[in-house]
Each structure stands twice: as structure tokens, then as C-alpha cells.
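Below is one structure, written out as C-alpha cells; comments come after it.
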Amino acid sequence: MIQVLKNECSLNYQNLKRTVLSSQFPWTYNYSTYDTSLPEGHCALPFYSHEFLMRPETNGYPFPNSNLLDLNLKVLGEILDTNKVFSTYYFLRSNANATHPDIGPQFSQPHIDHTFPHANLIVYLSGDGATYVEGEKYEFEEDDAILFYGNHFQERPKKDRRVVLVATLMGFEAVKQS
């Protein structure tokens, strides 16, 4: 199930968005993250990425990888805190990802980001192209944010580039004291 979150577009958010969408922002090209067989209509979707926080599978724990990490986590935290989703949360990885329109299959490889329980948070900075989670389709507007669990994939943008902030996290509810 996709949970749509309120994004108040704080000054921190606006500064991060402006930085990520600028022509000076550093990106790394990635062919695809998955090498398994592809369902019909899906592809090993190439993308550009800026890794703020490296996934724990790389080093055994989440590892800082960008001088923008503090601002990135502050923005994501503001969105989670505004929506009172979790009492406590721990980020596992965080990236900015960009994809471009292209011919051929229009959907990325369906996948789950980690082999252990986690939530996914996506914040849409620009572009179009739906997100699919466990059979549910979400057509976003710029500055939308969603939280979800489970198998997911994206649709290529139809025009211009699609830029998102994507993070995985573990979230916890407060333990009630009696």
C-alpha cells in the first residue's frame, strides 16, 4: 500500500531541490541495479545516481558518501516528522536518482531494495512516470512524497528527466509505558 505524505516544501527542501536539479550537481551513471530475468515490458533501466548514504550491504552499516548528507537527511526527516509516520526511524540508504525518456521497454526491473524488512520513501523533484508498488500505481506530481513497503518498479518518464530522492529506512513506533 502506498501512503501519500505531506511535503511542506521547507526552505531546507527548496535548497536541496535547487541543488539536486542544478547543472553543477554530481551524478554517477549506473546501467542497472539488478541482473535477474526481466518480465516482458521491463528493462534493466539505466539511471544516474548521487549516493548520499551508501547502503548497509556495501560496508556492513550505512556509510556517509556526500557532503550533502546532513541536508538530505534533514529534509527526509522533516517530511517523516510532519506526517508523524514513526516515533523513531533509522535511514539505511539515501540517493538522488535520475532517469530519462527512451525507446524500448518502459518499466524498470521489479525489485525489493533490501533482503530484510524496510520502508521506502520517495520524494519527486521533477518529471513524470508512475511508480508501481505491489500492483498499485501512483502517478505523482512534483514535490509529492510517498512511503511504501514491498516490490516496486518505475515507469520511464515520457519527456524530460525524472529526478527523485529515494531512501530506505527502518521505522519504529514508540513503546508505551504502563
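Please verify whether the range 24-40 includes one or more residues that are polar (S, T, N, Q), in contact with a helix residue (DSSP H, G or I) (Cβ under 9 Å, 6 or more places away or on another chain) and more than 26 Å from Phe172 (Cα to Cα). No: zero hits.
Asp143 - would you say it is acidic (Asp, Glu), within 19 Å of Phe25 (Cα to Cα) and without any contact (Cβ under 8 Å) to a residue 60 or more places away in the chain? I'd like the intermediate steps shown before the answer.
On the way: acidic (Asp, Glu): yes; within 19 Å of Phe25 (Cα to Cα): yes; without any contact (Cβ under 8 Å) to a residue 60 or more places away in the chain: no.
Here the answer is no, as Asp143 does not meet what is asked.
I'm checking my understanding of the structure. Among residues of the range 1-52 that are hydrophobic (A, V, I, L, M, F, W, C) and farther than 26 Å from Asp81 by Cα, which one is surrounded by the most Cβ atoms within 10 Å (Cβ to Cβ)? Per the criteria, the residue is Leu45. For the range 60-95, taking the residues that are acidic (Asp, Glu) and either modelled with pLDDT under 95 or surrounded by fewer than 16 Cβ atoms within 10 Å (Cβ to Cβ) (or both), the one that is nearest to Tyr29 (Cα to Cα) is identified as Asp70. Pairs meeting the criteria (first residue in the range 113-140 and under 14 Å from Pro157 (Cβ atoms), second residue of a type in the set (Lys, Arg) and in a loop (DSSP other than H, G, I, E, B), beta carbons under 9 Å, at least 6 apart or on different chains) are Ser126/Arg161; Gly127/Lys158; Gly127/Lys159; Gly127/Arg161; Asp128/Lys158; Asp128/Lys159; Gly129/Arg156; Gly129/Lys158.
Being part of a loop (DSSP other than H, G, I, E, B) and hydrophobic (A, V, I, L, M, F, W, C) is the filter; apply it to the range 96-134 and report the residue that is surrounded by the fewest Cβ atoms within 10 Å (Cβ to Cβ). Before the answer, list the steps.
We begin by selecting, within the range 96-134, every residue part of a loop (DSSP other than H, G, I, E, B); these are 100-106, 109-110, 112-118, 127-130, 134.
Pick out the ones that are also hydrophobic (A, V, I, L, M, F, W, C) and you get 103, 112, 116, 130.
Working: Ile103: 6, Ile112: 13, Phe116: 10, Ala130: 16.
By that ranking, first place goes to Ile103.
Taking the range 1-95 and the strands (runs of 3 or more DSSP E) fully enclosed by it, the elements with 2 or more residues that are within 19 Å of Leu125 (Cα to Cα) and in contact (Cβ under 8 Å) with a residue 40 or more places away in the chain are at 3-5, 47-54.
The values are calculated or read from the model by the stated rules, or taken from the named source; none is laboratory data. Bear in mind that the values here come from a model prediction, so they are computed numbers and not experimental data. Every residue, glycine as well, gets a Cβ built from its backbone with ideal geometry; the counts of neighbours run over all protein chains shown.
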